[in-house]
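One structure is given below, encoded as structure tokens.
What follows draws every value from the coordinates through simple rules; no lab data is involved. Remember, it's a predicted structure, so these values are computed and weren't measured experimentally. Using ideal geometry, Cβ is built from the backbone for each residue, glycine included, and neighbour counts are taken over all protein chains shown.
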Amino acid sequence: MKRFFSILLSLTMLLGMAGCSGARATEPVNKAFVIGFSQVGSESDWRVANTKSMTSAFENDPEYDLVMENARQEQENQFTAVRKFILEGVDFIIIAPTVEEGWETVLTEIKDAGIPVIIMDRSVAVEDDSLYLTNIGSDFLRQGKLAVEWLNGEIPSDKQAKILHLQGTIGATAQIQRTKALEDAVATHSNWEITSQLYGDFTEAKAYEVMTEYLKTNKDINVLYSENDNMTFGAMRALDEAGITYGNGGQVKIITFDATKEALQYCHDGRIDLCVECNPLFGTTVKDLIKKYRNGETIPKHVYVDETAYTTKEITQEFVNSREY
Ligand code: AHR
């Protein structure tokens, strides 16, 4: 009997050891590379397309785990999200900053934690550019310049341009640079004036609200310079309700930024005069940059996406139909 128990004990120990050294526990676990992504919000069709481009670049790739936090257009929410990413020990952080100012402290915290950062879409205004690896997105000043160059060709020097300016989130690179291009051009054209600057926060609802209010007492405009498509859609509704015509042959020439499918359709139909492109589809480019970084390759400090501008003349229905965003 004693011998039986001793054999049983040896067998149990052997099985136990086999269990300990068995498959899972000692094999290296295939851990995904975790990326914390602080997105601005979902204020516009552009933003929705940008989020989709980012998530589809990483989903279904077991090598990566993209964790996105939506800041609902509040910089404070971005700070909270980034600090959470640091606490969780993510491998990489991507920030689409709401506004340019105020990033030194939190970027320094990320650097101190040894986590690399990509700034995308808009930019950050920091003295020390070693706080981030690269900044990928649009050349917003160039976009604004494309718009004012087009307007320059449309308004003869003996005619007045009375420009109503709808601005996006104040302090965002897209707002700062598009505004700069317009204000610089107005400063060099004695026949151009900005009748008013209205705050539309890049949203259709806000633009509709401020435009409706403005048009109650001011109807003497012939150009609308709207810093994104969604604000333009809100403005068009307000113009319709105020009985003011726009587009080809109308009272108001409309310049809009983003060139989403809906805006291109309006442009094709002659309801918008100029669509300046702002390309949101750079998810795979961001992923390539991260891969390069992981392979120890050097990456450029600034990467601009390809963009152009469209008038009714250049847009075919096939082109509108094929638009991805
Ligand atoms: O930063 C890009 C801008 O932000 C786009 O023009 C706008 O639609 C978005 O909300």
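What the table below lists for this structure:
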quantity: Proxy reagent accessibility, fewest Cβ within 10 Å first, across Asp139, Asp220; calculated: Asp220, Asp139
quantity: For Met68, residues with placed amide H under 5 Å, excluding near neighbours; calculated: Phe37
quantity: Relative contact order computed over the chain (Cα-Cα under 8 Å; 6+ residues apart), in percent; calculated: 16 percent
quantity: Theoretical FRET efficiency, 1/(1+(r/R0)^6), r = Cβ-Cβ of Asp128 and Thr217, R0 51 Å, to 0.05; calculated: 0.60
quantity: Burial ordering of Asp158, Asp306, Asp288, Asp91, fewest other beta-carbon atoms within 10 Å first; calculated: Asp158, Asp306, Asp288, Asp91
quantity: Kirkwood hydrodynamic radius over Cα pairs of the chain, then Stokes diffusion coefficient at 20 °C and 1.002 mPa s, in µm²/s; calculated: 97 µm²/s
quantity: Segment 227-243 - phi-based ³J(HN,Hα) in whole Hz, Karplus 6.51/-1.76/1.60, Gly and Pro as x; calculated: 6, 6, 4, 5, 5, 4, 4, x, 5, 4, 4, 5, 5, 4, 5, 8, x
quantity: Tensor-based shape of segment 168-219 (alpha-carbon gyration tensor, a/c under 1.5 rounded, otherwise prolate or oblate); calculated: oblate
quantity: Prolate/oblate/rounded label for segment 46-118 (Cα gyration tensor, a/c 1.5); calculated: oblate
quantity: FRET E, pair Arg294, Lys111, Förster distance 30 Å, beta-carbon r, rounded to 0.05; calculated: 0.95
quantity: Of Lys219/Lys261; Lys84/Lys291; Lys261/Lys313; Lys162/Lys253, pairs whose Cα-Cα distance is over 20 Å; calculated: Lys219/Lys261; Lys84/Lys291
quantity: Anchor Lys301: aspartates and glutamates whose Cα lies under 17 Å away (excluding residues fewer than 8 positions away in-chain); calculated: Glu100, Asp121, Glu127, Asp128, Asp129, Asp139, Asp288
quantity: Percent of beta bridges antiparallel (DSSP, the chain, rounded to nearest 5); calculated: 5 percent
quantity: In order through segment 251-261: 3J(HN,Hα) via Karplus (6.51 cos²θ - 1.76 cosθ + 1.60), integer Hz, x for Gly, Pro; calculated: 5, 10, 7, 10, 10, 9, 10, 2, 6, 6, 4
quantity: Peptide ranges 276-283, 144-151, 292-299 listed from the most packed, as the mean C-beta count within 10 angstrom indicates; calculated: 276-283, 144-151, 292-299
